[in-house]
4 protein chains.
Amino acid sequence: MSSTYGILFKISTFGESHGPGIGVVIDGCPAGLTFDTDFIQHELDRRKPGQSRITTQRREADEFEVLSGVFEGQTQGTPISLLIRNTDQRSKDYGHIAEQFRPSHADYTYQTKYGSRDYRGGGRSSARETAARVAAGAVAKLLLAQQGVQIQAYVSQVGKLRLEKPYQELTLALAEENAVRCPDPETAERMFQYIDETRKRGDSIGGVVDCVITGVPAGWGEPVFDKLHAELGKAMLSINAVKGFEYGSGFAGAELYGSAHNDEFYTDADGHVRTKTNHSGGVQGGISNGEDIYFRTAFKPVATIMQDQDSVDVHGQPVTVSGKGRHDPCVVPRAVPIVESMAALVLADMFLRNKASRV
Amino acid sequence: MSSTYGILFKISTFGESHGPGIGVVIDGCPAGLTFDTDFIQHELDRRKPGQSRITTQRREADEFEVLSGVFEGQTQGTPISLLIRNTDQRSKDYGHIAEQFRPSHADYTYQTKYGSRDYRGGGRSSARETAARVAAGAVAKLLLAQQGVQIQAYVSQVGKLRLEKPYQELTLALAEENAVRCPDPETAERMFQYIDETRKRGDSIGGVVDCVITGVPAGWGEPVFDKLHAELGKAMLSINAVKGFEYGSGFAGAELYGSAHNDEFYTDADGHVRTKTNHSGGVQGGISNGEDIYFRTAFKPVATIMQDQDSVDVHGQPVTVSGKGRHDPCVVPRAVPIVESMAALVLADMFLRNKASRV
Amino acid sequence: MSSTYGILFKISTFGESHGPGIGVVIDGCPAGLTFDTDFIQHELDRRKPGQSRITTQRREADEFEVLSGVFEGQTQGTPISLLIRNTDQRSKDYGHIAEQFRPSHADYTYQTKYGSRDYRGGGRSSARETAARVAAGAVAKLLLAQQGVQIQAYVSQVGKLRLEKPYQELTLALAEENAVRCPDPETAERMFQYIDETRKRGDSIGGVVDCVITGVPAGWGEPVFDKLHAELGKAMLSINAVKGFEYGSGFAGAELYGSAHNDEFYTDADGHVRTKTNHSGGVQGGISNGEDIYFRTAFKPVATIMQDQDSVDVHGQPVTVSGKGRHDPCVVPRAVPIVESMAALVLADMFLRNKASRV
Amino acid sequence: MSSTYGILFKISTFGESHGPGIGVVIDGCPAGLTFDTDFIQHELDRRKPGQSRITTQRREADEFEVLSGVFEGQTQGTPISLLIRNTDQRSKDYGHIAEQFRPSHADYTYQTKYGSRDYRGGGRSSARETAARVAAGAVAKLLLAQQGVQIQAYVSQVGKLRLEKPYQELTLALAEENAVRCPDPETAERMFQYIDETRKRGDSIGGVVDCVITGVPAGWGEPVFDKLHAELGKAMLSINAVKGFEYGSGFAGAELYGSAHNDEFYTDADGHVRTKTNHSGGVQGGISNGEDIYFRTAFKPVATIMQDQDSVDVHGQPVTVSGKGRHDPCVVPRAVPIVESMAALVLADMFLRNKASRV
């Protein structure tokens, strides 16, 4: 088990879906940061269940308590601990899966690795764990905002339905105006219907979240192993249900010739070195180059569906797993703040690490 | 700078393209492993330049010296240090770029982050750095082979030319039979021509490497942050020129319904719990489930091309960068052993870490 | 700030003296350990204030809540989070030091490093932070007890009053029979009077805690930097008020000739390799050798005294710091469980790390 | 095995006593530091064997090669790799101990932990390993010198012979004027005779090294676990033969009352906050306070002696170990640069880590 992430801005998350609560300790947040509790709560609200009929109906207030690290409204350089109590636990809903392995969940692998598992709602493997990430990510965002860095993710694909426009042609803030978190209102409406129909059939559907980060100066990222995009990739892939990550030109870049792919440099009117194109996605050699950082994260369909499935029990005997409980028919709308949070955690760490680059 | 990777099987690489050499220290390789120098040299030979006319003509023997950690043919549990001397350095070829930023290279970002850079052949940002990864990866492979784990990567795409067959229908060992490292001979030949034509035009082209890992038992991987596929993703993204990573169903999985994507469990004739399909790519909840581990890595076209490009110099003034030096027109054939090596390093670390999972 | 310790058995502590609470996240405790809450509470009770008139009169129940990681009475391999609420906070007692630097406290250094500080009772620098260490250490002790490892510390010196007998001549369990935690009842009584007289004068006094660990097999410890005794030393020195650490022969060993100091080997009746003497303190070359591990930790007198002292305020102006609040006149009785806990954390980590030593 | 130390200024050492060489990779040295090879060689020369008749007669030039990380005389922010070839290996001298466990060496513990060992001269457990530490420490000293930090260690005790003067009354630079490295010439001469007589008897003797660090500003050190003195303690205890560490008042501080031990603050003529006394040894709450940092390290007598000793062989059978080979009769003269180097490595890391303390 490794629930710790980061070198200097380091977080340790804890908590199971149906235990007392979920939380995080942030060790290494610099002192002197104004701790905006309203903003943090706002971020948690963006992730919390029950926001619309296309998200899980589990009811959680997701209110957080600050256990340490903040004094007179400021961070102190000491560990910040945030706790979110679980309230709507309904453990009895999950008794039926105590002895079953749900297809494409982590039941079997946890049982095999650890010899037991908290089967209630997935326990530690539940996506509820991401609430702690969002709380910590919100603190990271506060730190980054001081540096002029802004992070905005949005839904670009649900199933086979894609938003074809590049992000430069979108008003990203519109993503927060609808339940799907797609910045194109017309596409958002179609995605909503797509998800809702999927939900009605008791099925689930995958999707893609795009993320754009502005304001990162050239110089963040620690090659050769902790390249900025490598850490972003790990962070995204560590989110439940993620199956793929690409940045800049991504997989499509593999189809291009170098003469088409290379980003030529020029000096802009303000004397800044810039690139004419951005196939690099804002990162060259693992270090930010001052352009927008852009990446995409693919999510599989949620494994919980309201249909019977073949499986085995803990004794290896065949069983039928019947869909029960509450779930999201499509995870990407709620994944948007999670993607942003993980990006913020990576960038906060890279910001601090970069301070040691030169004498 | 972070040139250290791994928690228990930890490597630190060093070296620049045109300095005295490239090397690695492996700290944490268990004692008692037979150190097969022939195998390690064989792996280095798979990566080394000059293998055919579609790879760079730089000539490097890439012979390695064992500086420590091996006694009487066995590892001792002490740090293993391997050194590969640079021989064909031709630094004068690179004098012209001392003051220029080559498009889509790391010249500009290194210069900005560190205030200077070893401009000879890219210095630390050169793909030559991966020789050290392959040397270390070969040691990891020796450790994994004892556990019955085999890793085989191959080229599945060059530019727009894709190998459409799934890996289950291929004889992967055939990948080593041709210069492209594509296991389908007919496709390999077409890829070779594709790359060679690109080379003749002074251009470069991207591609995709697929990787299949067999023999990993259920239980490897350390959620929630160090999920097996998240570490694989970081490891792949840390390789030069990589733009994307996906495992199992990958980006295509985002298009599917849960009812189609879920991998149902069954018990096989030997009493092992298996899945009927493998959209999970051998990893569920960040932990291996005993099925084949399968992932794909996208590489952009090599940034060095034999064509004039617009750029700026270190003073921000416009310049024309002219292609010189030696380079690979397509990186994926030589990337195959690098992908395997990084996968081996991840798995060796996860194998050791898993030993601490249970009392 | 670094409030994280350990590589595999990793803890992150949090909390200030007068904030909402103190706690710890344990990331990496193996699954399958019976979680004995009574034992953990018993350990906390050994450390808690108000145990006798020679310890601080602050009243804290020091009851802990398990927030995560335990299911059906067993650890799950997931992060274990333990929270101890602060109850007797009396912040108003500390308002007078908001602008003063108390001599030999951490007020000045925290203020300088972080630009601010939680001045209430020392904030993060308070010894109250050690409650979290004891909670985590108790879990580590449970893990170690399964391996047959027992840890027993005791007070061997208060001021100039020393217990002259070596540990082999003492019944260490008697340490828990008196308020001083000295296993020699007669010396304990004299120490009690010594401390009580010091207390009455409004002064404080230093002391030494010895620690004996039995049952560690040969092989634990990770040279060359993470030698077993080096990690024990770091762990002890990280406890508030510690000024020195020695193991085996310690500083006295510097006076000896090699011919007197060397521990000759022999094979005992059970066929075990043993040493005739134990100047090595159970550790050779940074690795346990199967003998008792023995070390000593020196504590300075508590900085809080009930006497006027010269100092400066946050503006550099001279002030008189007057003793107020509650404090321990001598820290060593309550330090005994803290020393044991830190030793347990080191050993638990080394136990797990050693699993990766050999193929 | 853990041969890696440091978080930001990270080193990985490698090499055995009688293998091809000893070396280190420094990952995280900032770019832009002038790399003074003469200074580094000078530091290695201070540690190397054969300096006088009271040090081992092994002959090693200890010349180092820079394998990476330096370009045009400057560090580049990339890993710096330094290699020192072994030249005077005489492995045949050690064949007799292949099957024996030398008393108070690491033979038995390495054999037990790893299942084998490189017995030639102690292999990895040889003090020769410290050459790599001194090379890395010299680079750290270059970084620290830029910050105005100076480190000076000296021999304060050999066996029962102590230098009674406090460091403030000594001219520390005189330590380099004699073979013992004691800054008091008269005491140095007596120590030399003491060691030489010990040598003639085929015995060895322990000693103590004191260290004084000037110029560290207030604010370095990372509580609560990575307190400055805790890291210094770990670093010293990781050196071969070290048995104890104390800083400031140390073990003697345990005898004092708080009213005598507390360091009162005042503001000096330059407006700096200072302490009247320095029982704190320059560190309060784990953070430097701007005063001199002062600590002491105790070394046991070298385990190799020219006398017969009882022991057992690898089969547990009784044997007589006869002294052969070359050794130091007293380690402390050569330990002086090693102590300084480890202190420099700790401080360089803390200097860089402190950059992330505040927004």
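Details
- The set of residues from segment A:8-40 being within 18 Å of the chain's Cα centre (by Cα), within 30 Å of C:Cys29 (Cα to Cα) and open to solvent by 20 Å² or more (accessible area, probe 1.4 Å) comprises just one member, A:Lys10.
- Residues of segment D:117-151 satisfying the condition of being polar (S, T, N, Q) and out of contact with any strand residue (DSSP E or B) (no Cβ under 6 Å at 6 or more places or on another chain): D:Ser125, D:Ser126, D:Thr130, D:Gln146, D:Gln147
- Residue within segment C:67-75 that is over 18 Å from C:Ala241 (Cβ atoms), in contact with a Phe, Trp or Tyr (Cβ under 7 Å, 6 or more places away or on another chain) and of a type in the set (Phe, Trp, Tyr) present: no
- Filter result (of a type in the set (Phe, Trp, Tyr) and over 17 Å from C:Thr112 (Cβ atoms)) within segment D:260-295: D:Tyr294, D:Phe295
- Any hit, segment A:302-309, residues being charged (D, E, K, R), free of Cβ contacts under 8 Å to residues at least 60 places away in the same chain and within 16 Å of A:Ala343 (Cβ to Cβ): no
- Helices (runs of 4 or more DSSP H) fully within segment A:226-273 counting 2 or more residues that are open to solvent by less than 10 Å² (accessible area, probe 1.4 Å), more than 7 Å from chain B (Cβ to nearest Cβ) and under 17 Å from B:Ile239 (Cβ atoms): A:228-237
- Counting only residues that are within 22 Å of C:Phe251 (Cα to Cα) and more than 9 Å from every other protein chain (Cβ to nearest Cβ), segment C:296-319 holds 1 of them.
- Test: A:Gln111 is in a helix (DSSP H, G or I) and polar (S, T, N, Q): yes
- Test result for B:Glu197, over 23 Å from the mean Cα position of the chain (by Cα) and at pLDDT 95 or above: yes
- Here A:Ala218 meets each of (1) part of a loop (DSSP other than H, G, I, E, B); (2) buried (at least 24 other Cβ atoms within 10 Å of the Cβ) with one exception, condition (2).
- All positions within segment B:274-302 that are under 28 Å from the mean Cα position of the chain (by Cα) and either modelled with pLDDT under 95 or open to solvent by 10 Å² or more (accessible area, probe 1.4 Å) (or both): B:Thr277, B:Asn278, B:His279, B:Gly285, B:Gly290, B:Glu291, B:Asp292, B:Tyr294, B:Arg296, B:Lys300, B:Val302
- Per-region count, segment A:267-285, residues of a type in the set (Asp, Glu) and out of contact with any strand residue (DSSP E or B) (no Cβ under 6 Å at 6 or more places or on another chain): 1
- When residues of segment C:113-131 are limited to those that are within 7 Å of another protein chain (Cβ to nearest Cβ), in contact (Cβ under 8 Å) with a residue 40 or more places away in the chain and open to solvent by 10 Å² or more (accessible area, probe 1.4 Å), the one farthest from C:Leu237 (Cα to Cα): C:Asp118
- Residue list for segment D:147-203, restricted to those being polar (S, T, N, Q) and within 30 Å of D:Ala218 (Cβ to Cβ): D:Gln147, D:Gln150, D:Gln152, D:Ser156, D:Gln168, D:Thr171
- Segment D:47-76, residues that are among the charged types (D, E, K, R) and either within 14 Å of chain B (Cβ to nearest Cβ) or surrounded by fewer than 19 Cβ atoms within 10 Å (Cβ to Cβ) (or both): D:Arg53, D:Arg59, D:Glu63, D:Glu65, D:Glu72
- Only one of the numbered conditions (1) at pLDDT 95 or above; (2) farther than 20 Å from D:Glu16 by Cβ is violated by D:Ile54, and that is (1).
- Taking every residue in segment C:176-187 that is free of Cβ contacts under 8 Å to residues at least 24 places away in the same chain and pairing it with any residue that is part of a helix (DSSP H, G or I) and open to solvent by less than 10 Å² (accessible area, probe 1.4 Å), at least 6 positions away or on another chain, the pairs with Cβ-Cβ distances below 7 Å are C:Asn178/C:Ala188.
- D:Gly325, sole failed condition from (1) at pLDDT 95 or above; (2) assigned to a loop (DSSP other than H, G, I, E, B); (3) of a type outside the set (Val, Ile, Thr): (1)
- Check on C:Val134, surrounded by 24 or more Cβ atoms within 10 Å (Cβ to Cβ) and either without any contact (Cβ under 8 Å) to a residue 60 or more places away in the chain or part of a helix (DSSP H, G or I) (or both): yes
- Subset of segment C:145-162 [within 14 Å of another protein chain (Cβ to nearest Cβ) and surrounded by fewer than 24 Cβ atoms within 10 Å (Cβ to Cβ)]: C:Ala145, C:Gln146, C:Gln147, C:Gly148, C:Val149, C:Gly159, C:Lys160, C:Leu161, C:Arg162
- Of all residues in segment D:135-161, those that are of a type in the set (D, E, K, R) and out of contact with any Asp or Glu (no Cβ under 9 Å at 6 or more places or on another chain) total 0.
- So B:Arg102, is it within 14 Å of chain A (Cβ to nearest Cβ) and either free of Cβ contacts under 8 Å to residues at least 12 places away in the same chain or part of a helix (DSSP H, G or I) (or both): no
- Members of segment D:7-17 found to be in a loop (DSSP other than H, G, I, E, B) and closer than 15 Å to D:Gly69 by Cβ, listed by number: D:Phe9
- Search result, residues across segment B:329-359 that are open to solvent by 20 Å² or more (accessible area, probe 1.4 Å), part of a loop (DSSP other than H, G, I, E, B) and within 11 Å of chain A (Cβ to nearest Cβ): B:Val331, B:Val359
- Hits in segment B:171-204 - residues which are of a type in the set (S, T, N, Q) and either surrounded by 15 or more Cβ atoms within 10 Å (Cβ to Cβ) or within 20 Å of B:Lys48 (Cβ to Cβ) (or both): B:Asn178, B:Thr187, B:Thr198, B:Ser204
The values are calculated or read from the model by the stated rules, or taken from the named source; none is laboratory data. Given the structure is predicted, the values throughout are model-derived calculations rather than measurements. All Cβ positions, even for glycine, are placed from backbone atoms using ideal geometry, and neighbour counts span all protein chains on display. Just so you know, the surface numbers come from the protein's heavy atoms only, side chains and all, with ligands and any DNA or RNA stripped out. Shrake-Rupley method; radii C 1.70, N 1.55, O 1.52, S 1.80 Å.
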